[in-house]
Amino acid sequence: MDFSKIEKEAIEKINSVEDLNELEKVRLSYLGKKGNISQEMKNIANLSIEEKKEVGKKLNNLKNLIHKKIEEQKIIIKKFITNKKISGEKIDLSLPSRNFKSGKIHPISQTIEEVINIFSSMGFSVAEGPDIETDYNNFTALNIPPHHPARDMQDTFYLTDNEKEKLVLRTHTSPVQIRTMFKNKPPLKIIVPGRTYRCDSDSTHSPMFHQVEGLLVDQSSTMAHLKGCLIDFLKAFFEIDTLKYRFRPSYFPFTEPSAEMDVAYKKISGVLKFGEGSDWLEILGCGMVNPRVLDNCGIDSKKFQGFAFGMGIERISMLKYGITDLR
Ligand code: DAH
């Protein structure tokens, strides 16, 4: 058997292949079960001991060489395919733009803008916080300690790469209450629009959604002020003066007492009429800031008090603009 001839032939064949399927065929023709080299390996059995040693070694070397060459050619072919693909993906900057008559602001952005406008007119300023929060700000400081069942209702996305402190994608805008109270002393009067996250997904829940938080801290504000503020807001936002609403006792760890606000609606032949009727839609959570939360932020709860509220932007957008599926 002429080893150097086979070697030369094999290398020439491998180098000339430009396609991965072809390369695999070449590989099988030498190294496959019925390939040249494999057949020769079988024939070794008939040789003398001396010959076995010599031929076996040469065959093994040839086998390794062919294998190596094939792997090298594979890399060359793959590079070639990638380069060809990239060169075909040039962006044609000369393409004329599509003929849009006008653009529209996204309903979520529009709603956030409207909410800010109304609360600004009542003297609230806008505060912001990061989407990635510490476990402490998102839960513990808001009187939701690690063992608290309220954590279950706000299952979120935990980030694991920080060893010092657990980080989460914030489940509500309430942690910005904590950030604000740590940084500034009362009187405080803020709203916080922003993105929030939970492990939820269906026609009325999305894993990423938006909330607006409100916080007022001073020495004299009461539940009556909270109610007045929210009633004024909803009437202005939905542009319904006769809006029918109710406050329902509820529970939030960070407010005491706590309430939820519902707005009335009725369905007339399948169409939702909002602001009147005898059915109720929950629209927001609110309450008097729990003294523990004030103390957690270094604000003297014997001297200061206040109220807070939080609502879902998608929820109020869907109601105002008659959107039935969040997606
Ligand atoms: N953070 C609450 C939630 O996402 C909403 C909320 C309720 C915010 C009551 C508040 C509040 O500030 O006082 O479910």
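Throughout, read-outs are computed from the coordinates displayed, never taken from laboratory work. Source: prediction; values computed, not measured. Positions of Cβ are generated from backbone atoms using ideal geometry, with glycine treated the same way; all protein chains shown enter the neighbour counts.
Here each label is just a point 7 Å from Cα along the line to Cβ, and for Lys235 and Leu47 those points are 10.2 nm apart.
Ordering of 149-157, 210-218, 87-95, 49-57 by packing is 210-218, 149-157, 49-57, 87-95, highest average first (other Cβ atoms within 10 Å, averaged per residue).
Rounded to the nearest 500, the helix-only mean residue ellipticity at 222 nm of the chain stands at -13000 deg cm²/dmol, with each DSSP H run of n ≥ 4 adding -39,500 (n - 2.57). Spatial offset of region 168-227 relative to region 229-277 amounts to 18 Å, using the alpha carbon center of each.
With r as the distance between the Cβ atoms of Asp279 and Asn184 and R0 = 41 Å, compute the FRET efficiency 1/(1 + (r/R0)^6) and round to 0.05. The formula returns an efficiency of 0.50 here.
Once backbone amide H atoms are built at 1.01 Å from N, Cys297 has no partners under 5 Å, excluding neighbours fewer than 5 places away on the same chain. In terms of its C-alpha gyration tensor, region 128-283 has an oblate overall shape, because the principal axis ratio a/c (a ≥ b ≥ c, square roots of the eigenvalues) is not below 1.5 and a/b does not outweigh b/c. If you look at the Cα atoms of the chain, you get an Rg and a Dmax of 35.0, 107 Å.
Over all pairs of different C-alpha atoms in region 203-327, the reciprocal of the mean inverse distance, the Kirkwood hydrodynamic radius, equals 15.7 Å.
In whole Å, what is the distance between the alpha-carbon centres of region 102-134 and region 44-82? The distance from the Cα centre of region 102-134 to that of region 44-82 comes to 68 Å. Dimensions of region 248-293 based on its C-alpha atoms, expressed as ranges along the principal axes with the largest first, amount to 48, 12, 12 Å. Going by the alpha-carbon gyration tensor, a ≥ b ≥ c the square roots of its eigenvalues, is region 26-66 rounded (a/c under 1.5) or, if a/c is not under 1.5, prolate (a/b greater than b/c) versus oblate? It is oblate, given that a/c is not under 1.5 and a/b is not larger than b/c.
Here is the tail figure for region 232-272: Cα pairs spaced more than 15 Å apart come to 57 percent of all pairs.
Candidate cross-link partners of Lys13 among the aspartates and glutamates, defined by an alpha-carbon separation under 18 Å and a same-chain spacing of 8 or more, comprise Asp2, Glu22, Glu24, Glu71, Glu72.
Under 4 °C and 1.567 mPa s, how fast does region 159-241 diffuse according to Stokes-Einstein, given a Kirkwood radius computed over C-alpha pairs? Answer in µm²/s, whole number. Stokes-Einstein gives a translational diffusion coefficient of 84 µm²/s. Translational diffusion of region 1-106 was estimated from the Stokes-Einstein equation, with Rh taken as the Kirkwood radius over Cα pairs; at 10 °C and 1.306 mPa s the coefficient is 91 µm²/s.
For the chain, the membrane-span-like helices by this rule, meaning whole DSSP H stretches whose C-alpha atoms cover at least 15 Å of axis and whose Kyte-Doolittle mean is 1.0 or above, are 223-238; this says nothing about an actual membrane.
Gyration tensor over the Cα atoms of region 151-201: the corresponding equivalent ellipsoid has semi-axes (square roots of 5 times the eigenvalues, largest first) of 24, 16, 8 Å.
Computed from the Cβ-Cβ distance with R0 of 35 Å, the FRET efficiency linking Ala224 to Lys267 stands at 0.60.
Backbone amide hydrogens, once placed in the peptide plane, bring Phe157 within less than 5 Å of Leu169, excluding anything fewer than 5 places away on its chain.
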